[in-house]
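The values are calculated or read from the model by the stated rules, or taken from the named source; none is laboratory data. Because the structure is predicted, anything quoted here is derived from the model rather than measured. Note that we place each Cβ from the backbone using ideal geometry, even for glycine, and neighbour counts take in every protein chain shown. These area figures cover heavy atoms from the full protein model, side chains too; ligands, DNA and RNA do not enter into them. Shrake-Rupley method; radii C 1.70, N 1.55, O 1.52, S 1.80 Å.
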There are 2 protein chains.
Amino acid sequence: MWPDIRLLDLLDLEVPLVQAPMAGADSPALAAAVSSAGGLGSIGCALLSPEEIEAAARTIRERTNRPFNLNFFCHAEPDPDPDGARAWLARLGPYYAELEAEPPAGLAGGRAPFDEELCSLVEAVKPSVVSFHFGLPQDALLDRVKAAGCRILCSATTPEEAVWLEQQGVDAIVAQGAEAGGHRGVFAEDWRTGSGMIGTLSLVPQVVDAVDLPVIATGGIADGRTIAACLALGAAGVQIGTAYLFTPEAGVSDGHRAVLAGGRAADSQVTNVMTGRPARGLANRLMREVGPIAEDAPEFPLASPAAAPLRKAAEAKGSFDFTPLWAGQSVAMGRSMPAADLTRRLAEEAQDAIAQLSAARS
Amino acid sequence: MWPDIRLLDLLDLEVPLVQAPMAGADSPALAAAVSSAGGLGSIGCALLSPEEIEAAARTIRERTNRPFNLNFFCHAEPDPDPDGARAWLARLGPYYAELEAEPPAGLAGGRAPFDEELCSLVEAVKPSVVSFHFGLPQDALLDRVKAAGCRILCSATTPEEAVWLEQQGVDAIVAQGAEAGGHRGVFAEDWRTGSGMIGTLSLVPQVVDAVDLPVIATGGIADGRTIAACLALGAAGVQIGTAYLFTPEAGVSDGHRAVLAGGRAADSQVTNVMTGRPARGLANRLMREVGPIAEDAPEFPLASPAAAPLRKAAEAKGSFDFTPLWAGQSVAMGRSMPAADLTRRLAEEAQDAIAQLSAARS
């Protein structure tokens, strides 16, 4: 049925579809539904406490005995920059005033990278799959995750990043094309030059040629045509995020969902003003007026605590002007249906697209 | 043999491959070779005089009786901005000094848009196909090109641009993904936000769904896998630029060719410092040190006469530090072979990729 079964074998899947981890917008219900339908459900753990991660894994396991994936960020924590933080908070000052929101006293927190505590949690929970973003954790932690029996995935945005990941012993590469919603996984290139922004159509075959591992394509995939295209490029499977935001299981509010439903491809822009790292989402007011790219935005994740009070105050008034509306460039192809149905539909459509492509030859 | 024969019928082709017009880097020999092999050869006319365009068409016709394409730019000429020009020339001052190059007295010229004179030339030459970039010429000129019997193509970078082009009566849409080398065709979006930078994998199906016309995918296409992927996305054909730069027929010097041969995907960046409009090429020194995006670069095409003396002086010393090295993100997939051979090879590889994709099903 599928041209490359390596990923199915590696991760024990029935269909080569991974639901992308989407910290803050996925849910145990979403992951369980996708895994139940034969794909790989994922939980983005970057915004969760260890207790919440454990609870999410428990909820998934109550609903399915299929494999699932826990995803972690592996960024380096930035050096403190109190002057930069003060300047950024001053720049956002008019927004705090307008929204009557309390600016933070300084910038700290945001998101913690994968560390000793999270590694111990992974060893206890033993998910079938662990995926990393922004590179890999230090060797000692990575070895412990491997020893726990987890299959390891990591995002690459260039062929060179993929080769490095293969050398570190990951099991499969997530080739993240520039179309993808959410944070760019770039870790070895200067994202400000656009070097980590290679389109899926170009990136996937180059990664396939550069490594021996199975490659999971991500970025812009939302229907059977785009899945079939990625398989034609040599991918063994695909990872799909934005399309799952339209399922009832996704952890997004009705208002947020309505904004996503009106999103055009051209509205999906890469910004660093929401968190400090480049991430793709529908343009909101902060991105339009201060970004989408601001040279003076604090380093990741420190732009996040600056924006958070604005989001909270605006959402309390029913506005999504300051909400990160992470979404890829195929956002307008989204369809509202339950996640298990969507998973099966995508697999069927991909089979149909392959059949249609080859019909002219027979 | 091909899943969609509309483009073959429309343009009288044997294979659904268009050689991208590449002003300054294509050649009559290249266009003739591609057309002879059953594809559509193209000449980018933006840097040619009417006499040179006429001579190019004559040369092609001496070599083949197959269809070919003349391509023109349709930008609006910018308002004069002597202060901005002075400031930009001052910013580039150290480079003129270092290279002992003469800065221009002011900024004028660069590239002329499609106009009355070029329209008369098209009416006289009557190429089978005329393609436009940066939108369309004014209605009266467009009507004359149609009346001359030319099929009309135009680039779109968003589904909305494609719909507008269909309403104006073009015959096929070139859906230009963000991977593509050379100038972004964006004409209805603010390119500075990244709105006209939709990846090929995401753009093509959205354009296919938005219009009834045949869609020609471009951006990142360099081998059979990428062609098959675009056909899976619903494209009726593909346009390929960078891959043809590695043919002996391409109008690039040996030194330029050697730089291209060493290009990585991550080195292919979008810049406005070479001409004033966003265009994708391998990072050169001017892009690295002044760009890749400079807020104060003159409007297209006025950054071009500022950079031209630097290029000339540097190339005289054997350096490509100031040369526009236009190339898409699949530059590293380029293979050196004659253009007719490459055209046939690409068509065969695409057929093989489709066969391989569908083999698992039978």
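Averaged per residue, chain A has 35 square angstrom of accessible surface, using a 1.4 angstrom probe with ligands and nucleic acids left out.
Its relative contact order, with pairs defined as Cα atoms under 8 Å and 6+ residues apart, puts chain A at 19 percent.
With equal scatterers on the alpha carbons only and no solvent term, can you work out the Debye log10 of I(q)/I(0) for the stretch B:137-206 at 0.20 1/Å? Relative scattering, expressed as log10 I(q)/I(0), comes to -0.81.
Its Kirkwood hydrodynamic radius, worked out from the mean inverse distance over all distinct Cα pairs, puts the stretch B:2-70 at 12.0 Å. Using the average count of surrounding beta-carbon atoms within 10 Å as a protection proxy, the listed peptides A:312-321, A:165-174 rank, highest first, as A:165-174, A:312-321. Each Lys and Arg Cβ is given +1 and each Asp and Glu Cβ -1; about its Cα centre, the stretch A:1-63 then shows a dipole of about 80 debye. Between this copy and the others, label points of B:Ala76 are 4.6 nm apart in ascending order, each placed 7 angstrom from Cα in the Cβ direction. When shorter helices are ignored and each DSSP H run of at least 4 residues is given -39500 (n - 2.57), the per-residue value for chain B at 222 nm works out to -11500 deg cm²/dmol. Each Lys and Arg contributes +1 and each Asp and Glu -1, all at the Cβ; summed about the Cα centre of the stretch B:1-108, the dipole is approximately 360 debye. The fraction of accessible area contributed by carbon and sulfur in the stretch B:304-362 is 49 percent, rounded to a whole number (1.4 Å probe; ligands and nucleic acids excluded). Volume per residue of the convex hull around the Cα atoms, evaluated for the protein assembly as shown, comes out as 154 Å³. Taking every residue in B:345-357 and counting other chain Cβ atoms within 10 Å of its Cβ, the average works out to 3. Atom-type composition of the exposed protein surface of the stretch B:99-171 places 48 percent of the accessible area on carbon and sulfur (1.4 angstrom probe). Take the Kirkwood radius over Cα pairs of chain A, plug it into Stokes-Einstein at 4 °C and 1.567 mPa s, and you get 63 µm²/s for translational diffusion. Placing a label point 7 Å from Cα along the Cα-to-Cβ direction at B:Ile5 gives distances to the equivalent points in the other copies of 3.6 nm, listed shortest first. You can think of it this way: the chain between A:Glu98 and A:Asp115 has 2.3 nm of extra reach, that is 0.36 nm per residue less the Cα-Cα gap. Scanning chain B for DSSP H helices at least 24 Å long along the axis (C-alpha atoms) with a Kyte-Doolittle mean no lower than -0.5 picks out B:339-359. Computed from the C-beta positions of B:Ala87 and B:Arg288 and an R0 of 22 Å, the FRET efficiency is 0.60 to the nearest 0.05. For the stretch B:1-119, the C-alpha radius of gyration divided by 2.2 N^0.38 Å, with N the number of residues, is 1.44. For the stretch A:217-319, the spherically averaged projection of the C-alpha convex hull amounts to 8.0 nm². One quarter of the convex hull surface built on the alpha carbon atoms of the stretch B:151-266 amounts to 8.0 nm², the projected area averaged over directions.
Taking the dipole about the Cα centre of the protein assembly as shown, with the C-beta of Lys and Arg at +1 and of Asp and Glu at -1, give me whichever of A:Ser42, B:Trp191, B:Thr157 is farthest to the positive side. The Cα lying farthest towards the positive end belongs to A:Ser42.
Label-point spacing at A:Glu123 relative to the other copies reads 8.2 nm, in ascending order, each point sitting 7 Å out from Cα along Cα→Cβ. Buried area at the B:A interface is about 3900 square angstrom, summed over both chains, from accessible surfaces computed with a 1.4 angstrom probe.
Need one word for the stretch A:257-362: rounded, prolate or oblate. Basis is the Cα gyration tensor (sqrt eigenvalues a ≥ b ≥ c); a/c below 1.5 gives rounded, then a/b vs b/c decides. Taking the square roots of the gyration eigenvalues as a ≥ b ≥ c, the stretch A:257-362 is prolate.
Given the stretch A:73-180, report the % of alpha carbon pairs whose separation exceeds 16 Å. Counting pairs separated by more than 16 Å, the tail of P(r) holds 67 percent. Suppose every K and R has +1 on its Cβ and every D and E has -1 on its Cβ; what is the size of the dipole of the protein assembly as shown about the Cα centre, in Debye to the nearest 20? That gives the protein assembly as shown a dipole magnitude of about 960 debye.
Here B:Lys146 is the anchor, and the lysines within straight C-alpha reach of less than 30 Å, apart from those fewer than 8 places off in the same chain, are B:Lys126. Ranking B:Arg192, B:Arg86 from most to least accessible surface, computed with a 1.4 Å probe over the protein chains only, gives B:Arg86, B:Arg192.
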